[in-house]
Every structure is written in C-alpha cells, then in structure tokens.
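Taking it in order: structure first as structure tokens, then the write-up.
The values are calculated or read from the model by the stated rules, or taken from the named source; none is laboratory data. Since the structure is predicted, the reported quantities are computational estimates derived from the model, not experimental observations. Cβ: placed from backbone, ideal geometry, glycine included. Neighbour counts: every protein chain shown.
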Amino acid sequence: MQAKSKISRLFILLYFVGLALLAASFILLVPPGARTEVAWLDFAIVCIVFSINFPLFSAWRMNVGSFNAKIPALGLLILCDLTYICLAFWLMSRGVRYGLTFRMQLVGQMALLFVAATVVTVAWWSSAHAVEVAEEEKAARSALERLKAAIDECIASLSANAPNCKRELQLLTKLQEDARYLSPSRAVTALSYEYKLAALIDNIRLRFEDVSVPKTVPRMDEQFEQCTALMALRKQVRS
C-alpha cells in the first residue's frame, strides 16, 4: 500500500509537470499578439485532452470494483477517448485553417465535451449495473446453497439421532432431491422461500437433536407439511 501511495503521488506530480510544460510551450511558442480567444480555447482543449488521457486519471477511473465489473466500461471509455481526441483536434485544425470564430469553436468544443461526458456516464452506468447483477446472482447462489446445506445437515442429524424415523427421512430425501434441481433465482419470492425453508429445516434438525422432545409430535408433522408446500412454491419460480 505504501508503494502504491508513492506511485500515486508521483503520477500527480508528473501530471502537474505536464500541465506546466504545456503552459510554458504555449507562452514560448505563441507570440503575445497571437494569443487570441481562439488560441486560449485551443490551449484549454489541449489541457483537457491531456487530463482525460493522463495515465493517473485513466487508472483512477478504472480503480473501482472488480475487473469483471470494469469490462463493460473499458471499451466505451477507450473508444470515447480516441474519438473525442480526434474530433477535438480536427475542430481546432478546421478553426485555424478556415478562421472560424471563437463562438463557433467554443460551441463545437462544448458539444464534443457533452457527448463525451454522456458516453462516460453510460459506461459507468453499465459497470454499476454489472456489479448489481453480480451481487444479485451471488445472493441467489448463497441462498440456494444455504438451503441445500440445511437439508444435508438435517438428514445427517436424523440418521444419527432418530434412525427409526423412516418417514421423516423419506420426506427430507425428497426435499434434498428437489433442491438439487433448483436453479439459482434472483427473484425476491424465490429467495424468501429458500430462506424460510432453510429456517424450518434447521428447526426440525434441532428438534431431532433434542433428546427430550418426542420425534412424532404433531408439530413436527406440521413443519414437514410447510416445507413441502414451500418447496412446491419455490419450484414454480423460474426466473
């Protein structure tokens, strides 16, 4: 982390050195009499292009989130940078060649900046959307894995603590088989069913592990019925 911080500070220093060199070049190469509004506008555009494409800012722009989340934005950002540079310098060259007025060039450059900012916004939105989708998929897989683990633990507990409960073992085995063929779903209803099922099965497991509780009480039968009903509802959720 310390080395990374030093590199970041070095890049910041180099960025300002680059701006200073651009300013010095403008002052030394452009005579005072030629420093018109159009010349200052061109100088400002060169500084903007330098700032957008300087490695520090390119690295900082893509330094948030996982690499998979950056992929949707990379292509758009690179294409936007290249296109903006080409169009900005093309407009500057046309202005010099044909003597376009300051206002015309200013409107053109502002329009280019607006389009570039819009594309960058779309790129960041695509990355944010990718992150959101990845998080939802992770939550869906986690909920389903939690349910499968709860069933496996309950079957193991039943086999160890109540080996004579054949009917209950069959019901749990059926739930285990149904859960095996479930696909992860980001639907709120699917996640709700999975969490409720896992909680019910955990409760059943705890009752099997408690030697002081009879294993054939009506309450346990009711819980198994609830599990069967919830599993049937979960199987109906496709997305």
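Observations on the structure shown:
- Restricting attention to the stretch 107-140, the residues that are among the charged types (D, E, K, R) and surrounded by fewer than 13 Cβ atoms within 10 Å (Cβ to Cβ) add up to 3.
- Pairs with Cβ under 6 Å, 6+ apart, first in the stretch 219-237 and among the polar types (S, T, N, Q), second assigned to a helix (DSSP H, G or I): GLN223/LEU200; GLN223/ILE204; GLN226/LEU200
- Residues within the stretch 119-172 that are modelled with pLDDT of 80 or more, more than 16 Å from LEU200 (Cβ to Cβ) and touching a Pro at 6+ places or on another chain (Cβ under 7 Å), tallied: 1
- Contacts under 8 angstrom Cβ, first residue in the stretch 187-206 being assigned by TED's automatic domain parsing to the domain that holds PRO163 and under 15 Å from ALA162 (Cα atoms), partner among the hydroxyl-bearing types (Ser, Thr, Tyr) and surrounded by fewer than 23 Cβ atoms within 10 Å (Cβ to Cβ), 6 or more apart: ARG205/SER157
- Filtered by the rule that a residue be under 13 Å from ARG146 (Cα atoms) and not hydrophobic (A, V, I, L, M, F, W, C), the stretch 171-188 gives GLN176, ARG180, PRO184.
- Annotation: of all residues in the stretch 170-189 being more than 17 Å from ALA229 (Cα to Cα) and aliphatic (A, V, I, L, M), the one that is surrounded by the most Cβ atoms within 10 Å (Cβ to Cβ) is ALA187.
- Neighbours by Cβ (under 8 Å, 6+ apart or cross-chain): first from the stretch 144-172, of a type in the set (Asp, Glu); second surrounded by fewer than 17 Cβ atoms within 10 Å (Cβ to Cβ) and at pLDDT below 85: GLU168/LYS215
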